[in-house]
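The structure under discussion appears below in the form of structure tokens.
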Amino acid sequence: MILTVGNTKGGVGKTTLAFQIAIARALAGRDVWLIDADRQGTAAAAVSARAESGRSPGISCAHYPDGPTLRAQVQQQRGKWEEIVIDAGGRDSTALRAALVLSDVLLVPFAPRSFDVWALEDMAKLIDEARSIRDGLVAYAVLNQADPGSRSDDNEEAAQAVAAFPQFVYLPTPVRRRKAFANACGAGLCVSELTPKDSKAIAELESVISSLFTIQKQ
């Protein structure tokens, strides 16, 4: 399975989510390749921090911010891995477009802010283009960096806005703004490895992963 976590809108927490998913799957015993397709290289830096700390399991990571290179490398090496997670986006790039054509699943994190919701329209157009080239891309939208309260008008309105875009399936598993995610990524850790543990952050990540991979097995 190839999963891309991407959005043309920056600041939605896609790198955090991609890194957390990749490490969590590696901890679950899966053979995972994380590809950093963002020029900033934040995901690759988090993997380096993990390697320097000697944490196990380690995780393989490559930095391919160029679309043609990303496409060629994934096509050549996809058979070596059980799962590939691509961190792409922050803008409309050749890497994001290449990732969409290569992927089985797209996860689009968006924050409960008007500009983030509007950016879903841009992603919807890219999804249509990718599907015109390759059938089978499944796209999910998930509310990320959601307001901490269990009930929030902003969160609910943002979720309802996804319904305007038939290209997406909305995952009702919001991930809220929690220091645990930033702290874990900075240390190259999954939130489940962080001490002290944030049980809510762990549960939110597990819910997203369970939804994604359970859906794909059906």
Within segment 101-110, restricting to residues that are of a type in the set (A, V, I, L, M, F, W, C) and buried (at least 24 other Cβ atoms within 10 Å of the Cβ), the one that is farthest from residue 62 (Cα to Cα) is 110
Being at pLDDT below 90, of a type outside the set (Ser, Thr, Tyr), in contact with a Gly (Cβ under 9 Å, 6 or more places away or on another chain) and surrounded by fewer than 22 Cβ atoms within 10 Å (Cβ to Cβ): is that true of residue 91 here?
yes
Counting only residues that are among the hydroxyl-bearing types (Ser, Thr, Tyr), out of contact with any Phe, Trp or Tyr (no Cβ under 8 Å at 6 or more places or on another chain) and more than 8 Å from residue 87 (Cβ to Cβ), segment 5-21 contains a total of 1
Inter-residue pairs, beta-carbon under 7 Å, first farther than 14 Å from residue 8 by Cα and in segment 122-134, second in a helix (DSSP H, G or I) and not charged (D, E, K, R), 6+ apart:
130/100; 130/101; 133/101; 134/101
Are there helices (runs of 4 or more DSSP H) fully within segment 35-110 with at least 2 residues that are among the β-branched types (Val, Ile, Thr) and in contact (Cβ under 8 Å) with a residue 24 or more places away in the chain? List them.
42-53, 94-102
If a residue counts only when it is at pLDDT 90 or above and within 17 Å of the chain's Cα centre (by Cα), which helices (runs of 4 or more DSSP H) contained entirely in segment 117-218 have at least 2 such residues?
179-186, 199-217
Go through (1) over 19 Å from residue 141 (Cα atoms); (2) touching a residue at least 60 places away in the same chain (Cβ under 8 Å) and name the single condition residue 180 misses.
(2)
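The values are calculated or read from the model by the stated rules, or taken from the named source; none is laboratory data. Keep in mind the model is a prediction, meaning the values are calculated, not measured. Backbone-built Cβ (ideal geometry, glycine too); neighbour counts: all protein chains shown.
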